[in-house]
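The values are calculated or read from the model by the stated rules, or taken from the named source; none is laboratory data. Everything quoted here is computed from the prediction, not taken from an experiment. Here the Cβ positions follow ideal geometry from the backbone for every residue, glycine too, while neighbour counts run over all protein chains shown.
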């Protein structure tokens, strides 16, 4: 394995994840990277497809060559041929000089074709020919150019549906998906949210010479939120909250932002307690602990993190409660945290 990218406890190189799903992805990357097989990465927007492509490149025999990326969905149909294959001076209005396309610039390395299903069908035909022959012409050119590249493609669409809807040529799909690789969405690997969030916060702290941290409730909200925008949305949420926070990133800061979805994040907030005046402190504390444990489905480590105490302290409290019997439930009830 290349010394610049290693498998470690938190992930593979810059790809972070401890979940079973991501460990399978890491294993597939390690197997396919040293080969010359064309890879099709399938995953939702924001799930990290370009990071996977970079990882494949760095672990390949082409690591010393360039990695060139192009988003096929962001280039107008009238310009995509020139971007892919380049053009000669004077070949069209505005072509004041010759230009090398991505197939030339990626020679000796890896070409990453992101959102390849957004490419016009006529260009897909040309792309298929280049992949099969390794040869092409610049726009307006007469000299055939030979290229030596490894192609990694990606899409956020269902590939079979894209073929059925004539968004992707079937023959090109077979050529690109020699080795298909599915990247799971973040909601299917919730256990990866904490290390990712801590990683993003660590980067921000180092860049700004700060020591900001997550509040326990905010950390739990991050873990339980569904993240429809995947890793990209998580990264943006951490950065926005980092900007607003003085020392502690809290859920209330996130809820105050117009770009967030308060009703969805509110659903991640653990149930609190309704504490009437006159309640004894030990009664309120015990009820808070028990409600939190109920919310965490008995997971004491998670409950301790939310409560802001050590696991040992939580166990000591629970052992004490076991000796004293059931509490008086007539005074303290589970609902929104408030004080009457």
- Message: Going through 139, 116 one at a time, which residue ends up being in contact (Cβ under 8 Å) with a residue 12 or more places away in the chain and more than 16 Å from residue 177 (Cα to Cα)?
- Response: 139
- Query: Consider residue 131 against the criteria (1) within 27 Å of the chain's Cα centre (by Cα); (2) touching a residue at least 60 places away in the same chain (Cβ under 8 Å): it satisfies all of them except one. Which criterion is unmet?
  - Reply: (1)
- If the Cβ limit is 9 Å and pairs must be 6+ apart or interchain, which residue in segment 186-205 that is exposed (fewer than 15 other Cβ atoms within 10 Å of the Cβ) pairs with which residue that is in a helix (DSSP H, G or I) and modelled with pLDDT under 90? 191/223
- Message: Any residue at all in segment 180-190 that's over 12 Å from the mean Cα position of the chain (by Cα) and at pLDDT below 95?
- Response: no
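Would you check if residue 153 is in contact with a strand residue (DSSP E or B) (Cβ under 7 Å, 6 or more places away or on another chain) and either within 19 Å of residue 49 (Cβ to Cβ) or part of a loop (DSSP other than H, G, I, E, B) (or both)?
On the way: in contact with a strand residue (DSSP E or B) (Cβ under 7 Å, 6 or more places away or on another chain): yes; either within 19 Å of residue 49 (Cβ to Cβ) or part of a loop (DSSP other than H, G, I, E, B) (or both): yes.
Answer is yes for this residue.
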- Evaluation of residue 271 against (1) touching a strand residue (DSSP E or B) at 6+ places or on another chain (Cβ under 6 Å); (2) farther than 30 Å from residue 240 by Cβ; (3) modelled with pLDDT of 50 or more (one fails), failing number: (2)
- Item | Scan of segment 83-100 for residues that are modelled with pLDDT under 90 and at negative phi, ordered by number | 87, 88, 89, 91, 92, 93, 95, 96, 97, 98, 99, 100
- Message: It is to be established whether one or more residues within segment 93-112 are touching a residue at least 24 places away in the same chain (Cβ under 8 Å) and under 26 Å from residue 236 (Cα atoms).
- Response: yes
